[in-house]
Amino acid sequence: MDKIENIELRLLSLKDYDALKAATKSAYKDVPNSHWEKEEIRQLIKIFPQGQVVILVNGEIAGSALSIIVKNKDLETQHTYDDVAGDEAFHIHSNDGTLLYGLDVFIKPEYRGLRLGRRLYDYRKELCESLNLKGIVFGGRIPNYHKYAKELTPKQYLDKVKRKEIEDPVLNFQLSNDFHPVRILKGYLEGDKASKEHAVLLRWDNIYYTKPSKTPTSTKNVVRLGLIQWQMRSYKDLDDLMAQAEYFLDTVAGYRCDFALFPEFFNAPLMAKFNDLSESDAIRELAGFTENIKERFAELSVSYNINIITGSMPEMINDKLYNVGYLCKRDGSVERFEKIHVTPDEARVWGLQKGNSLKSFDTDCGKIGILICYDVEFPELSRLLSDEGMDILFVPFLTDTQNGFSRVKLCAQARAIENECYVAIAGSVGNLPKVHNMDIQYAQSAVFTPCDFAFPSNGVKAEATPNTEMILVADVDIDLLRELHTFGSVHNLKDRRHDFYELNRKK
């Protein structure tokens, strides 16, 4: 092979036909009648020009990739290559389809080893993303199968190739390019003796695919978080406390934040007027403000165009005390969440009951989860939320010592890594000398990320100054999570051993 001076990838032209035909015959010496007829190439260029490309080395065709668009229903059952490509007019092609079907991809023998095939596949993936298709599919040959056909079924052969017990250059290349096997196709390509006319239906999924909608949508990929590191101080009444809350909302909304996160029990200063009562009676009096606070936050979420996570508040239900919070969405809807695990102090001093409601929430910024303080120290809860598609986990917390804060912080960072999601925590600072059992607080609000190349190496997106009243604003990119799920250095979600253990939620 001569010295490589230029490599070019461009759209196929009908003028390339003779050179394409010669290159195809060179690449498929063991497959009879492998070349495309001129009218077939003419039709492919006519119906889907951007799907037909060639790669040139020093001006000579070194390889090509041909494709069409098909509907998913056309591939739900067994099919052959002729079912897809046997019609010279390619009537199966549909501009309304959802899958890019690979008709052919090859590299001439003398140019193999230059990773030119990867360039062709990368082009297909980029085309799939730009056209917003669900993925790429094709029937992959298994040219070494004839050596093992007497002792192995095609499925057994595929399993051994995946385990690296058998070398199959074509199938190994597809698997290394993020294609996964869907099913074995029998009688796929007539005359393919090397594969015994079998093929593997392979698929690559477009992680950026979004389902087309006839209604306007404002789902965002880059989400701005506003965390309120709340200063505990005396307030004369509920109006005074809510004026301070609105001040922070006005500030984070001014920065065009999509979410505002308040800490756990941020309204605890209102217990000062009940300090003559026992701790358990005082917090039950505090619960009397919860409904009013929820309604005010619901109004503020609409007027400031921001989704508000209210932190948490005590709530009485059937004479039992729970730690709850509300997600007040900017569309006017309100949803409730509960603290599932109660600390020994909360149970002993206040008589708090364990919650029994856990769910993820759909928002205009994707699916989120909310866990109150101690709950983040139990990995099962966030894993259940992750299985529901959670992208961002919010944790309102309240800790009095650095020890308690470290438990929340370190567990929150672990949740970000193991669930490949963002975790935002917000707590309170300062002192409440006139409220029993709420004397001091320690916090450093933060946003945590997974630890991979697209994220900070230490997994910390942003941190507030410890023990200082302030807001923390940070942007998180949801698309980076999608890339991590597929292309990350490790796959904490995909690599779970479902064959070895499982996590079930009791009804």
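Pairs from the table (LYS15/LYS38; LYS73/LYS162; LYS150/LYS193) lying more than 22 angstrom apart at Cα are LYS73/LYS162. Annotation note: GluC sites (Glu not before Pro) in the range 1-108 located in DSSP loop regions with a Cβ neighbour count of at most 14 within 10 Å are GLU5, GLU37, GLU76, GLU88.
Placing +1 on the Cβ of every Lys and Arg and -1 on the Cβ of every Asp and Glu, with no other charges, gives the chain a dipole of roughly 1360 debye about its Cα centre. Less than 5 angstrom separates the built amide H of PHE106 from those of SER64, all sequence-distant by 5 or more or on a different chain. A straight chain from THR153 to THR251 at 0.36 nm per residue would run longer than the Cα-Cα distance by 28.7 nm. Once backbone amide H atoms are built at 1.01 Å from N, SER445 has GLY427, ALA464 as its partners under 5 Å, excluding neighbours fewer than 5 places away on the same chain.
Shown in residue order for the range 308-325 are the 3J(HN,Hα) couplings computed by the Karplus curve 6.51 cos²θ - 1.76 cosθ + 1.60 at θ = phi - 60°: 10, 9, 6, x, 9, 8, x, 9, 9, 9, 6, 6, 10, 9, 10, 9, 10, x Hz (x for Gly and Pro).
Note on ASP30 and SER406: the extension gain reaches 128.9 nm, defined as 0.36 nm multiplied by sequence separation minus the Cα-Cα distance. What chymotrypsin sites (Phe, Trp or Tyr not before Pro) does the range 413-466 have in DSSP loop regions with at most 16 other beta carbons within 10 Å? Those satisfying the criteria are PHE453.
The H on the amide N of LEU352, modeled in the peptide plane, is under 5 Å from the matching H of ALA347, each at least 5 residues off or on a different chain.
Adding -39500 (n - 2.57) for every DSSP H run of four residues or longer, then dividing by how many residues the chain holds, sets the calculated 222 nm ellipticity at -8000 deg cm²/dmol.
Taking 20 Å as the cut-off, the amide N atoms of the range 93-115 that come nearer than this to a point 7 Å along the Cα-to-beta-carbon line of ILE4 belong to 105-115. Within the shell of other residues whose beta carbon sits under 14 angstrom from the beta carbon of PHE361, the net charge comes to -3, with Lys and Arg scored +1 and Asp and Glu -1. Centre-to-centre separation between the Cα atoms of the range 456-483 and those of the range 99-167: 40 Å.
Of the chymotrypsin sites (Phe, Trp or Tyr not before Pro) found in the range 1-66, the ones in coil according to DSSP and having at most 16 other Cβ atoms within 10 Å of their Cβ are TYR28.
Couplings 3J(HN,Hα) for the range 194-209, derived from phi with the Karplus relation 6.51 cos²θ - 1.76 cosθ + 1.60 (θ = phi - 60°), are 4, 9, 6, 6, 9, 8, 10, 6, 10, 9, 10, 9, 7, 6, 9, 5 Hz, where x marks Gly and Pro. Here the average projected area of the convex hull drawn through the C-alpha atoms of the range 224-487 stands at 12.6 nm². In order along the range 263-275, the phi-based Karplus estimate (6.51 cos²θ - 1.76 cosθ + 1.60, θ = phi - 60°) of 3J(HN,Hα) comes to x, 5, 6, 4, 8, 4, x, 5, 6, 4, 6, 10, 5 Hz; Gly and Pro are listed as x. Each residue, GLU88 and ASP74, gets one label point 7 Å from its Cα in the Cβ direction; the gap between the two is 1.9 nm. Among the listed pairs LYS134/LYS160; LYS147/LYS186; LYS354/LYS461; LYS71/LYS367; LYS71/LYS211; LYS339/LYS507, those whose Cα-Cα separation exceeds 22 Å are LYS134/LYS160; LYS354/LYS461; LYS71/LYS367. For Cα extents along the principal axes in Å, the choices are (1) 82, 50, 42; (2) 64, 49, 48; (3) 94, 48, 43; which was calculated from the structure? Matching entry in (1) 82, 50, 42; (2) 64, 49, 48; (3) 94, 48, 43: (3).
Every number in this text was worked out from the coordinates using simple rules, so none of it is lab data. Quantities reported herein were computed from a predicted structural model and do not represent experimental measurements. So basically every Cβ, Gly included, is an ideal-geometry build from the backbone, and we count neighbours across all protein chains shown.
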